[in-house]
There are 2 protein chains.
Amino acid sequence: MPHAFLLHLTSSDPRPPRYPGLYAHGLFFALLGKLDPGLAAAVHAAPRKPFTLAVLEPSPPPRRGGGGSGEVVLRVTTLDDGLFGPLLEVLLREGADSLTLGDQPYRLARVVATPQGSPFAGHRSWQELAAAPPIRCLRLRFCTPTVFATSKPGRRARHTPLPDPFLIAKSLLSSWQHHSPLRFPETEAAALLTVFELDLELTRFADLRFEWAQAAKGFFPGFTGAVEVYCHNNSLDVQRALGILQAYAFYAGVGAKTAYGLGLTMPS
Amino acid sequence: MPHAFLLHLTSSDPRPPRYPGLYAHGLFFALLGKLDPGLAAAVHAAPRKPFTLAVLEPSPPPRRGGGGSGEVVLRVTTLDDGLFGPLLEVLLREGADSLTLGDQPYRLARVVATPQGSPFAGHRSWQELAAAPPIRCLRLRFCTPTVFATSKPGRRARHTPLPDPFLIAKSLLSSWQHHSPLRFPETEAAALLTVFELDLELTRFADLRFEWAQAAKGFFPGFTGAVEVYCHNNSLDVQRALGILQAYAFYAGVGAKTAYGLGLTMPS
């Protein structure tokens, strides 16, 4: 069952962490290692990470020039059914004492795991996601910088910081196929991908902004903003798949480096 | 020699024209027809129009709710060497009397044809364009809604209202190949297209806005805003081509329906 939850961390040091995404990633693996080094190694080695991490703006946001509030809000989502329970267990055990972001100690002040606590938190079973109502229009808001790795032959590392409808749908479908026990049969997934290439069209965007974002060891060009993608295909199966992918986006995020803070996505 | 010039039209009727792009297109062909019906028919039949048209916001802009000023500024560019002279001749001959936009009569108040008169006006010989300095970064501002026709097999009309670097470069190259007497040899153009596909990357955008735009008989999704596209290729020939295309964008515009007001583009 995919989970999304927020960790409110507080520090006596008001300076905000310098590389929040990178540090959060480090913290995640440090915690997992304390719990089960074998699990941590397996997750670390996985080419597709079964979790996402993002650092949210604390509300109210820190005053300009006045330094930070000493509060950091981490959003964590888990896409692997075996990850949520153990992770929460070790968080609650270790968190009261000390968690480290970079070289600053933090204390876990609060865990928010339900939509009542925050619109960024919640959980849905794979069955519930698979039963999402069919849609004709995919509506998403990209809340942290989002980018697609669109590398080219000859070891060319290339990035696409634009809400390309096909790249959005492909990213979600491929994550669903990888993580969901209710994935589509191979032939159906291939057919969906073809339809996405032919029949999706961007029919609106708003608040589209460009931002260089730090993730892992590099900087990436990214976009934030809201989009509406229309599906010209009349097949109910396709519209059902789009409904699933829109609901799943809340947990999986979109694009590259979702385990480092990029691509946090909300159905809208 | 490509020309860009502005026609300041005034009317005693302060209402702004309802479909300015469409009406401007009609006016253009009406004028051409008065001059030379054969030329008008040939231009009308051309699959790629050797001109662009756009309606600019008059400055100062009309007061909100106060109706229009009765002034319309048309920007015309010509990409065919045989078009500018005759067009200006008939404009000056007919314009003092009456030009029709939709069903409203207008009078030609002023022609602005030099950059001293407006940053949207000017002319460059094909030789001057072909000698544009090489660049590594393509910087363009899309001033009117811009969209790419990205139709798909099976008669699927699809549009891409995003500043995709490859689509931008392809649009400019294909227009240059069609209209310029100094076009690249076929094999070089094909090689350039491959490089554009592999080595262009969007490294910044700003003020990106979505807008539905009326052009010809339909509505099209479009974007306006500024972009910066970086070329990872070290070939001087490629950078020379990019320099040419950036300079040429001022006259050719980018994307679909440039003869109806879309895709007005400024090097920036």
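Couple of notes before you dig in:
- Over chain A, relative contact order from alpha-carbon pairs under 8 Å, at least 6 apart, %: 27
- Each residue, A:Arg93 and A:Arg110, gets one label point 7 Å from its Cα in the Cβ direction; the gap between the two is 2.6 nm.
- Note on B:Ala30 and A:Leu236: with the Förster distance fixed at 56 Å, the Cβ-Cβ geometry gives a FRET efficiency of about 0.70.
- The phi-based Karplus calculation (6.51 cos²θ - 1.76 cosθ + 1.60; θ = phi - 60°) puts the 3J(HN,Hα) values of the range A:153-162 at x, x, 6, 8, 7, 10, 10, 10, x, 9 Hz, whole numbers, x for Gly and Pro.
- Each label point was placed 7 Å from the Cα along the Cα-to-Cβ direction; for B:Ala157 and B:Thr100 their separation is 2.7 nm.
- Across the range B:114-257, C-alpha contacts under 8 Å between residues 6 or more apart give a mean separation that, scaled by the residue count, equals a relative contact order of 38 percent.
- Residue among A:Arg93, A:Arg136, A:Arg48 with the largest mean-square fluctuation in a Gaussian network model of chain A, springs linking Cα atoms under 10 Å: A:Arg93
- Cα-based helix-to-principal-axis angle, A:165-179 vs chain A, degrees rounded to 10: 70
- Kirkwood Rh and Cα Rg combined as Rg/Rh, chain B: 0.97
- Taking other residues whose beta carbon is less than 11 angstrom from the beta carbon of A:Arg141, and scoring Lys, Arg as +1 and Asp, Glu as -1, yields -1.
- On the beta carbon distance between A:His178 and B:Phe219, with R0 = 30 Å, the FRET formula returns roughly 0.20.
- Among residues other than B:Ala249 with Cβ under 13 Å from its Cβ, the summed charge is +4 (Lys and Arg +1, Asp and Glu -1).
- Trypsin sites (Lys or Arg not before Pro) restricted to the range B:197-249 and DSSP loop, no more than 14 other C-beta within 10 Å: B:Lys217
- Cβ neighbours within 10 Å from other chains - mean over A:195-201: 3
- Of every Cα-Cα pair in the range B:3-112, the percent that sits beyond 20 Å: 36
- Shape of the range A:35-171, Cα gyration tensor, a/c cut at 1.5: rounded
- Under 15 Å, Cβ to Cβ, from A:Ala121 - net charge with Lys/Arg +1 and Asp/Glu -1: +3
- Over 41 Å [Cα-Cα, the protein assembly as shown], rounded percent: 35
- Comment: the Cα-to-Cβ extended label point of A:Thr100, at 7 Å, lies 8.2 nm from its counterparts in the other copies, nearest first.
- Take each residue in B:203-212, count the other chain C-beta atoms within 10 Å of its C-beta, and the mean is 5.
- When the alpha carbon gyration tensor of the range A:124-267 is reduced to an equivalent ellipsoid, the three semi-axes, largest first, read 24, 16, 15 Å.
- Max mean-square fluctuation residue, GNM over chain B, Cα-Cα springs under 10 Å, options B:Phe205, B:Phe148, B:Phe220: B:Phe205
- Length added when fully stretched, B:Arg209-B:Leu193, from 0.36 nm per residue minus Cα-Cα: 3.0 nm
Coordinate-derived values only; no laboratory data. Since this is a predicted model, take the numbers as computed values, not measurements. Glycine also receives a Cβ, built like all others from the backbone with ideal geometry; neighbour counts cover every protein chain displayed.
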